[in-house]
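Working notes, beginning with the structure itself.
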2 protein chains.
Amino acid sequence: MSRRLLGLDVGGTGIKAALLDGEGRVLRRARWATAELGIARESILPALESRLLGMLAREAITVGDLGGLGLACPGLVDADTGRLHDAPNLRHWEGLDIGPWLADRFRCPVALDNDVNALAYGEWRLGAGRGTRDMVCLALGTGVGGGLILDGKIYRGWRGLGAELGHLSIDRHGRRCACGNRGCLEAYAGAWALSATARRALARRAPGHRALARLLAGQPPTPAALSRAAAGGSALARELWAEAGCALGVALAGLVNIFAPERIVIAGGLSRAGRLLMEPACQEARRRLMNPDVQRLDLRRRALGDDGAAIGAALQAGEERP
Amino acid sequence: MSRRLLGLDVGGTGIKAALLDGEGRVLRRARWATAELGIARESILPALESRLLGMLAREAITVGDLGGLGLACPGLVDADTGRLHDAPNLRHWEGLDIGPWLADRFRCPVALDNDVNALAYGEWRLGAGRGTRDMVCLALGTGVGGGLILDGKIYRGWRGLGAELGHLSIDRHGRRCACGNRGCLEAYAGAWALSATARRALARRAPGHRALARLLAGQPPTPAALSRAAAGGSALARELWAEAGCALGVALAGLVNIFAPERIVIAGGLSRAGRLLMEPACQEARRRLMNPDVQRLDLRRRALGDDGAAIGAALQAGEERP
């Protein structure tokens, strides 16, 4: 029996876990609130351990059957020390010896990586990027993250600071981004930006605001709510999605000119919007390519759903030498 | 005696050749007008051969001493067939069997590559990018070309269409670029764009136009003329350079966010402007970086002068298996 792999995607609010068999099939999934593990530095890792052991037990798997344990974390990960640093959404995890601690407890190779790297790796190995050599991944979540698989490897750049594709400026005079720059993709095509744009459109009574407000029925204009409103007939909701898609399209043309990737995978919660987002993005990108008949724009939505980063982390751990 | 390497940089107007010894030292340089070789398809390669043989003879080197011959060409190069295709500035060379023909005549490995790839490789191996693993090269010539050394290798992307860094849009509502997109770096920081901007400034009698016109003394506002005018005290010329530098800076911030390269090398004729261009570029980039204290912005001008692509092509040929 080939050995199991366990992957974790640790976020500011939730932790997703995926247990894989030797062929990469997901045997079991789990979800925990990050807060469940507490914020006291000495309690976090033991609390995590007991949950993981519980998960293994439910599949009648012992620690000895585990071939690797992967962690995907937000922020910067030091692959050498197995520590997380500079993770604004996971401050109380910073500096914990996660890697060495888990390796000791689970007696298997442990891989730590940035969550979008892990996601890109997961989609590349088993999802929407399968079979490609050069793949660009955009994770449209609250912000916009990026992952690069170049020449069949995760590209990280100097000190792992690369692949910040959400902070590619598409408009140097455009919207201020939280990062200090102007016109970043994230300021147009992240959930936070989309909701803020929707709120502004409602506040300034943009055409169609009444219909949209009625469909929102007092709920905040989250991406999910805006998708439902668009499906329910709100022209303004469609337009807001098209605006985000257009901005995405400008960035896509740039990424094709820079990388000429075999495929671009769109992941993150906003990818659920489907054609509402992807069609305007694709149109705008084609309009802007140097030679749309020759250049390759192979755009796909993620295939691993919300588990991409956990699955990718598990697979990365499987690659580690024991 | 380790074997010599010969490199050629074939452009629309001129051909540069560099003969290297085994340590990469340039033994001899040569320049020919591309038109000298004629435009008849059957004459081009024999005419090139006789010039190269003459160059070897002057160093008392026989064909048998040659360890490799590299060609850097504009446009797309098919490394497999050794042919050039889609080279707007070198139409009558398209489809010629350059690679196989030269390999047969000079009985050594022949390497063909795009000129900016060869330039990036030359600067990386022996010039301003020496010792780095990830390096981005921008060639600011008539247009703006790009070369990427990632993980110690030239990055080409699907069918060699990648690294078109000059067509990264920094302003989606900005200037129309010849490629069809808007706001491309090339539309602000290439020689053609800079001269066009200068002409427009003179035509609309921008502040300082008189002093600039006087310093130009009837000459067209080429980058070289604008550098001299700036040195001669023209505030408008300085401002035109600063504008180009600013646009470059926006792109640099994007490239640092995307690649986190160890170094960025600025090559091409416009790099001669030195601080006129580099200072505003650097300032603008720093203003736009997510974290200028942590991110690395190591900007250098080219070190191999106009011979970078010829030297790079020679070195690439030296890497080929005989």
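The values are calculated or read from the model by the stated rules, or taken from the named source; none is laboratory data. Keep in mind the model is a prediction, meaning the values are calculated, not measured. Cβ coordinates were reconstructed from backbone atoms using ideal geometry, including for glycine residues, and neighbour counts include every protein chain displayed. Areas reflect the complete protein model, heavy atoms only, side chains present, ligands, DNA and RNA absent. Shrake-Rupley method; radii C 1.70, N 1.55, O 1.52, S 1.80 Å.
Structure values in brief
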{"quantity": "Residue in the stretch B:9-22 that is surrounded by the most Cβ atoms within 10 Å (Cβ to Cβ), counting only those that are assigned to a loop (DSSP other than H, G, I, E, B) and touching a helix residue (DSSP H, G or I) at 6+ places or on another chain (Cβ under 8 Å)", "calculated": "B:G11"}
{"quantity": "For B:R125: the one exception among (1) open to solvent by 20 Å² or more (accessible area, probe 1.4 Å); (2) within 14 Å of another protein chain (Cβ to nearest Cβ); (3) among the charged types (D, E, K, R)", "calculated": "(2)"}
{"quantity": "Condition met for B:I258 (β-branched (V, I, T), within 26 Å of A:L150 (Cα to Cα) and not in a helix (DSSP H, G or I))", "calculated": "no"}
{"quantity": "Single residue of the stretch B:78-122 satisfying the filter (aromatic (F, W, Y) and farther than 24 Å from B:A139 by Cβ) that is surrounded by the fewest Cβ atoms within 10 Å (Cβ to Cβ)", "calculated": "B:W101"}
{"quantity": "Matching entry among B:R25, B:R41 (being more than 17 Å from B:A57 (Cβ to Cβ), open to solvent by 60 Å² or more (accessible area, probe 1.4 Å), of a type in the set (K, R) and in contact (Cβ under 8 Å) with a residue 40 or more places away in the chain)", "calculated": "B:R41"}
{"quantity": "Residue within the stretch B:101-109 that is closer than 19 Å to B:L161 by Cα and either modelled with pLDDT of 95 or more or charged (D, E, K, R) (or both) present", "calculated": "no"}
{"quantity": "Filtered residue count, the stretch B:57-96, keeping only those that are over 23 Å from the mean Cα position of the chain (by Cα) and assigned to a strand (DSSP E or B)", "calculated": "2"}
{"quantity": "Per-region count, the stretch A:254-272, residues touching a Phe, Trp or Tyr at 6+ places or on another chain (Cβ under 7 Å) and among the charged types (D, E, K, R)", "calculated": "1"}
{"quantity": "Every residue from the stretch B:58-77 that is charged (D, E, K, R) and either in contact with a Gly (Cβ under 8 Å, 6 or more places away or on another chain) or exposed (fewer than 14 other Cβ atoms within 10 Å of the Cβ) (or both)", "calculated": "B:R58, B:E59"}
{"quantity": "Pairs, first more than 9 Å from chain B (Cβ to nearest Cβ) in the stretch A:250-273, second among the aromatic types (F, W, Y) and open to solvent by less than 10 Å² (accessible area, probe 1.4 Å), C-beta under 8 Å, six or more apart", "calculated": "A:A273/A:W241"}
{"quantity": "Within the stretch B:169-230, helices (runs of 4 or more DSSP H) holding 2 or more residues that are closer than 15 Å to B:L248 by Cα and within 14 Å of chain A (Cβ to nearest Cβ)", "calculated": "B:186-189"}
{"quantity": "Within the stretch A:133-161, tally of residues that are open to solvent by 10 Å² or more (accessible area, probe 1.4 Å) and either within 9 Å of chain B (Cβ to nearest Cβ) or in a loop (DSSP other than H, G, I, E, B) (or both)", "calculated": "14"}
{"quantity": "Answer residue from the stretch B:97-123, given it is outside any helix (DSSP H, G or I) and in contact with a strand residue (DSSP E or B) (Cβ under 7 Å, 6 or more places away or on another chain) and is nearest to B:L45 (Cα to Cα) among those", "calculated": "B:D97"}
{"quantity": "All positions within the stretch B:47-79 that are of a type outside the set (A, V, I, L, M, F, W, C) and under 26 Å from B:C179 (Cβ atoms)", "calculated": "B:P74, B:G75, B:D78"}
{"quantity": "Qualifying residue in the stretch B:262-282 (condition: farther than 20 Å from B:G145 by Cα, out of contact with any strand residue (DSSP E or B) (no Cβ under 6 Å at 6 or more places or on another chain) and surrounded by fewer than 21 Cβ atoms within 10 Å (Cβ to Cβ))", "calculated": "yes"}
{"quantity": "Check on A:G166, in contact with a Leu (Cβ under 7 Å, 6 or more places away or on another chain) and either away from chain B (no Cβ under 13 Å) or in a strand (DSSP E or B) (or both)", "calculated": "no"}
{"quantity": "Criterion: more than 30 Å from B:W124 (Cβ to Cβ), touching a Gly at 6+ places or on another chain (Cβ under 7 Å) and not small (G, A, S) - qualifying residue of B:L236, B:L277, B:L212", "calculated": "B:L236"}
{"quantity": "Neighbours by Cβ (under 9 Å, 6+ apart or cross-chain): first from the stretch B:278-304, more than 10 Å from chain A (Cβ to nearest Cβ); second in a loop (DSSP other than H, G, I, E, B) and open to solvent by 80 Å² or more (accessible area, probe 1.4 Å)", "calculated": "B:A303/B:R130"}
{"quantity": "Some residue of the stretch A:234-246 being in a helix (DSSP H, G or I), open to solvent by less than 30 Å² (accessible area, probe 1.4 Å) and within 14 Å of chain B (Cβ to nearest Cβ)", "calculated": "yes"}
{"quantity": "From the options B:A310, B:A317, residue that is buried (at least 24 other Cβ atoms within 10 Å of the Cβ), in contact with a Cys (Cβ under 9 Å, 6 or more places away or on another chain) and touching a residue at least 40 places away in the same chain (Cβ under 8 Å)", "calculated": "B:A317"}
